[in-house]
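Taking it in order: structure first as structure tokens, then the write-up.
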Amino acid sequence: MQKQDRLKKRAAFAYVYRKGERASAHNLLLLSAKSREGLKIGLSVTKKVGNAVTRNRVKRLLREAIGKIRPRIDEGYMYVLVAYPELATDSFEEVCAAVENAFSKAGKLVGEEQ
């Protein structure tokens, strides 16, 4: 995931939480809301997931998993991925599958029926 694609402002996160559609996958929640700025993706990894080292590892895994499916993601939305504590124990392949499954359930992958 590239830096220009990241959701950074607190107000933007709040907007997605308030207005966004929800789709859950294994140990992961995806919220999506319409965007005027194009594709923006934010990550939410709370202290419930673990200590700072664990949270940063989970964020790195999520960024890499998003990077693998980035060309297929619908660009008209802002997304927030919320990690559940169990995600910290998953392997990279499981995280990739969970991210792809969440986007697929939400119907936000280009080239798939919605």
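Results, tabulated for the structure shown:
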read-out: Residue within the stretch 47-67 that is under 14 Å from Asp5 (Cα atoms) and part of a strand (DSSP E or B) present; value: no
read-out: Set Lys8, Lys19, Lys3, Lys47: member being of a type in the set (D, E, K, R), in contact with a Gly (Cβ under 9 Å, 6 or more places away or on another chain) and exposed (fewer than 14 other Cβ atoms within 10 Å of the Cβ); value: Lys8
read-out: Scope the stretch 72-93; condition part of a helix (DSSP H, G or I), touching a residue at least 24 places away in the same chain (Cβ under 8 Å) and over 14 Å from the mean Cα position of the chain (by Cα); matching residues; value: Pro85, Glu86, Ala88, Phe92
read-out: Subset of the stretch 22-41 (residues that are surrounded by 12 or more Cβ atoms within 10 Å (Cβ to Cβ) and assigned to a loop (DSSP other than H, G, I, E, B)); value: His26, Asn27, Ser35, Leu39
read-out: All positions within the stretch 7-21 that are of a type in the set (Gly, Ala, Ser), assigned to a helix (DSSP H, G or I) and in contact with a strand residue (DSSP E or B) (Cβ under 9 Å, 6 or more places away or on another chain); value: Ala12
read-out: Condition check for Ser44: under 15 Å from Arg6 (Cβ atoms), of a type in the set (S, T, N, Q) and at pLDDT 90 or above; value: yes
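The values are calculated or read from the model by the stated rules, or taken from the named source; none is laboratory data. What you see is a predicted model; the values in this text were computed from it and never measured. Methodologically, a virtual Cβ is constructed for each residue, glycine included, from the backbone with ideal geometry; neighbour enumeration extends over all protein chains shown.
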